[in-house]
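Chemist: Quick one: structure below, then a few questions.
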Amino acid sequence: MTRDYQTFLKQQAYIDGQWCLADNAQVLPVYNPFDQSLVGHVPNMGGSETTRAIDAAAAALVSWSKLTALVRADYLLKWHDLILTNKAALATLMTLEQGKPLAEAVGEIEFGASFIRWFAEEGRRTGGDIIPTEKDNLRYLVIKQPIGVVAAITPWNFPTAMLTRKCAPALAAGCTMVIKPSELTPFSALALAALAEQAGIPKGVLNIVMGDAKAIGDVLCGDARVRKLTFTGSTNIGKLLYRQCAGTVKKLSLELGGNAPVLVFDDADLDKAVAQVMAAKFRNSGQTCVCANRIFVQTGIYDRFVAAMTVAVQNLSLGNGLSVPPVLIGPLINEAAITKIQALVDQAVSKGATVVYGGHVDPLGRQFYTPTLIVNADVSMDIAQDEIFGPVAVIYRFETEAQAITWANSVPVGLAAYCFTANIGRTWRVSEQLAFGIVSVNTGLFSNATTPFGGVKESGLGREGSKYGIEDYLDIKYICLDIN
Ligand code: NAP
């Protein structure tokens with residue numbers, strides 16, 4: 001384990017370029033999910049510190065928004081380079097607070113940094129329009145301007161990438177920010193702030209507060225100077241924040257829960273489908289919003305698919321994310337996650353599902369769940385309706401394409417869906433009919449900075465990454481000019 005991570009273990013919040021404690025000096029402990037040992041403490045802040053962070057962001061907005069996109073891009077590229085230079089230390093810190101295997105943490109640092117590079121470049125391409133006039137004396141122009149102070153609230157499952165996906169377009173567009181990371185994984189966010197400071201990003205441009213989520217959220221939503229809220233997290237909290245932002249009519253980006261279906265058709269390449277479904281299911285111990293939650297397998301390939309999945313699930317290694325040789329599955333984020341998963345598994349079994357492998361807490365520790373395979377499930381079970389958010393793969397048998405599509409679409413959320421088939425006509429038909437923001441065909445891994453990530457229905461609003469991602473941080477202004 002690289003000890004360099006201690007350089008980045010910042011145990012203070014970052015407001016207006018200052019590292020600071022909570023006004024009441026209270027702190028919150030952060031524990032390692034592997035063995036529940038203490039990683040460190042962070043300030044337990046609330047409304048007053050959040051207001052000060054908004055003050056700082058509002059003050060910094062004046063000069064940051066006036067910089068050219070090229071100058072802002074230079075700051076962002078410097079930040080990007082520093083993140084990559086220090087990726088081993090940052091990844092170690094992430095594994096300590098989040099639990100994911102180190103290789104996945106390194107991958108997330110690289111993935112997170114890629115958004116900074118992408119949006120540094122995209123920020124230079126946010127041109128406006130000149131619209132053909134309808135009157136001799138008038139000219140119609142459209143310019144784009146930074147929306148203003150942006151608040152970001154981020155989750156624990158991707159503590160770096162969920163933050164850079166928001167900071168990079170916001171800062172590139174000329175906005176300033178107040179960020180509240182999850183209290184479970186605040187150190188990755190603070191490490192990013194330390195590197196932003198090193199990169200010379202001016203004080204007040206990026207502020208990080210943490211502590212009482214409700215108190216901080218209330219101020220971020222209620223303060224009229226905050227013109228946009230960008231949130232990644234659960235659908236329930238997303239709905240709450242949506243309502244809370246109504247009073248000041250903020251622009252919203254909401255990246256909420258998913259319940260990803262996988263459609264494996266008879267004509268799929270079996271080996272590829274199994275390998276890709278395993279990746280889509282078990283990455284981050286099953287704790288991603290795009291994890292394969294409902295695996296629908298057509299009857300002609302069903303038995304072979306289940307047999308191959310059984311072997312693959314049994315071969316997954318569990319342990320400390322920092323161990324050598326590396327493991328594939330780390331601990332879950334907390335015991336509440338274990339309790340939720342066990343309840344879903346128990347309810348499915350009580351309604352007739354069969355556990356082929358696993359189905360219980362792992363002897364390795366109280367935050368480990370044995371990778372699990374369940375068959376004979378049906379879509380009425382809670383395990384089909386809820387996000388499992390853990391290492392449990394559930395397989396359903398289907399007969400026809402129409403049936404699989406109906407089942408896939410029968411949930412209120414619509415983030416990502418997967419389809420495995422060799423038939424190009426089916427690829428089109430299914431992709432068009434799936435009510436999801438993302439359809440991934442014959443691959444389990446699709447995320448990158450250049451493409452639009454986001455959902456439909458109750459999975460949220462807006463897109464992150466891609467050329468569309470920066471538009472969420474810009475206002476459109478129409479200028480009508482009389483030239484006489
Ligand atoms: P969560 O409970 O909704 O928490 C997300 C963030 O909201 C955390 O920072 C949390 O703070 C904060 N929060 C909680 N209550 C709040 C309140 N009343 N006001 C303001 N902020 C509040 O979600 P999670 O359990 O961390 O993350 C898992 C969920 O995120 C899953 O549903 C997953 O699908 C979703 N997710 C979606 C995407 C996507 O791109 N669509 C990506 C990743 C995850 P504390 O942690 O400090 O309490």
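Chemist: At residue 246 and residue 74, where each label point lies 7 Å from the Cα along Cα→Cβ, what is the point-to-point distance in nanometres?
Modeler: In this crude label model, residue 246 to residue 74 measures out at 4.7 nm.
Chemist: Would you calculate the separation in nanometres between label points at residue 307 and residue 125, each defined as 7 Å from the Cα along the Cα-to-beta-carbon direction?
Modeler: Placing both labels 7 Å beyond Cα along the Cβ direction yields 4.9 nm.
Chemist: Next question. With a ≥ b ≥ c the root eigenvalues of the C-alpha gyration tensor of the chain, is it rounded (a/c under 1.5), prolate (a/b larger than b/c) or oblate? Walk me through the numbers before you get to the answer.
Modeler: Working: a/c = 2.01, a/b = 1.33, b/c = 1.51.
Oblate shape, in that a/c is at least 1.5 and b/c is the bigger or equal ratio.
Chemist: How long is the gain from residue 476 to residue 442 if the chain were fully straight, where each residue apart is worth 0.36 nm and the alpha carbon distance is subtracted? If you can, show how the numbers build up before the last one.
Modeler: Numbers: separation 34, 0.36 × 34 = 12.24 nm, distance 3.83 nm.
8.4 nm is the gain from fully extending residue 476 to residue 442.
Chemist: Counting heavy atoms of the protein chains only and a 1.4 Å probe, report the per residue accessible area for the chain as a whole number of Å². Spell out each step's value before the answer.
Modeler: Numbers: 18660 Å² over 484 residues.
Counting only protein heavy atoms, the per-residue value for the chain is 39 Å².
Chemist: Among DSSP beta bridges whose residues both lie in the stretch 260-448, state the antiparallel percentage, nearest 5. List each step's numbers first, then the result.
Modeler: Working: 4 of 24 bridges.
Counting only bridges with both partners in the stretch 260-448, antiparallel ones make up about 15 percent.
Chemist: Leaving out ligands, DNA and RNA but keeping every protein chain, what accessible area does residue 463 have, in Å² rounded to the nearest 10, with a 1.4 Å probe?
Modeler: Per-residue accessible area (residue 463): approximately 60 Å².
Chemist: Return the FRET efficiency for the residue pair residue 340, residue 224: r is the Cβ-Cβ distance, R0 is 41 Å, and the value is rounded to the nearest 0.05.
Modeler: Numbers: r = 37 Å, r/R0 = 0.91.
E(calc), rounded to 0.05, equals 0.65.
Chemist: Note down the nm distance, to one decimal, between modelled labels 7 Å out along Cα→Cβ at residue 140 and at residue 103.
Modeler: Simple spin-label model gives 5.6 nm for this pair.
Chemist: Give the ranking of 41, 80 by solvent-accessible surface, highest area first, calculated with a 1.4 Å probe.
Modeler: Values: 41 65, 80 15 Å².
Greatest to least solvent exposure: 41, 80.
Chemist: While we're looking at this one, here's another question. Can you give the accessible area of residue 235, probe radius 1.4 Å, in Å² rounded to 10?
Modeler: The accessible area comes out at roughly 20 Å².
Chemist: Could you state the orientation-averaged shadow area of the convex hull built on the Cα atoms of the stretch 260-448, in nm² to one decimal? Could you put the intermediate results ahead of the total?
Modeler: On the way: hull surface 41.0 nm².
For the stretch 260-448, averaging the hull's shadow over all directions gives 10.3 nm².
Chemist: Determine the relative contact order of the stretch 260-448: mean sequence separation of Cα pairs under 8 Å and six or more apart, normalised by residue count, in whole percent.
Modeler: Numbers: 364 pairs, mean separation 55.3, N = 189.
Result for the stretch 260-448 is 29 percent.
Chemist: Kindly sort 111, 453 by accessible area of their heavy atoms, largest first, with the probe set to 1.4 Å.
Modeler: Values: 111 45, 453 15 Å².
Largest to smallest exposure gives the sequence 111, 453.
Chemist: Follow-up question, since we're still on this one. Given 0.36 nm per residue, what is the gain on full extension from residue 63 to residue 269 after removing their alpha carbon distance, in nm? Write down the numbers at each step before the final one.
Modeler: Details: separation 206, 0.36 × 206 = 74.16 nm, distance 5.52 nm.
The span from residue 63 to residue 269 would gain 68.6 nm if fully extended.
Chemist: What length, rounded to one decimal in nm, is gained on full extension from residue 484 through to residue 234, with 0.36 nm per residue of separation minus their alpha-carbon distance?
Modeler: Stretched out fully, the residue 484 to residue 234 stretch lengthens by 84.5 nm.
Chemist: Run down the lysines and flag those whose C-alpha is under 23 Å from the C-alpha of residue 457, throwing out any fewer than 8 positions away in its chain.
Modeler: Residue 457 reaches 166, 228, 239, 250, 251, 281, 467.
Chemist: A further question follows. Distance from a point 7 Å along Cα→Cβ of residue 378 to each backbone N in the stretch 305-345: keep the residues under 19 Å and list them by number.
Modeler: Taking a point 7 Å out along Cα→Cβ of residue 378, the residues of the stretch 305-345 whose backbone N falls under 19 Å are 344-345.
Chemist: On to the next question. Using a probe of 1.4 angstrom, how much of the accessible area of the stretch 260-448 is carbon and sulfur, in percent? Mind dumping the intermediate values first?
Modeler: Details: 3880 of 7020 Å².
Percent of accessible area from carbon and sulfur atoms in the stretch 260-448: 55.
Chemist: In addition: Please list 317, 253 from largest to smallest accessible area, probe radius 1.4 Å, with all protein chains kept in place. Write down the numbers at each step before the final one.
Modeler: Working: 317 40, 253 5 Å².
Ranked list, largest accessible area first: 317, 253.
Chemist: Can you compute the charge dipole magnitude of the chain about its Cα centre, using +1 on each Lys and Arg Cβ and -1 on each Asp and Glu Cβ, nothing else charged? Give it in debye, rounded to the nearest 20.
Modeler: Values: 41 positive and 44 negative charges, 162 e Å.
My answer is approximately 780 debye.
Chemist: Where both partners of a DSSP beta bridge lie in the chain, what percent of those bridges are antiparallel, to the nearest 5? Spell out each step's value before the answer.
Modeler: Values: 30 of 69 bridges.
Taking every DSSP beta bridge with both residues in the chain, the antiparallel ones total about 45 percent.
The values are calculated or read from the model by the stated rules, or taken from the named source; none is laboratory data. In this text the structure is predicted, and so the values were computed from the model without any measurement. All Cβ positions, even for glycine, are placed from backbone atoms using ideal geometry, and neighbour counts span all protein chains on display. Just the protein is used for accessible areas: all its heavy atoms, side chains included, with ligands, DNA and RNA removed. Shrake-Rupley method; radii C 1.70, N 1.55, O 1.52, S 1.80 Å.
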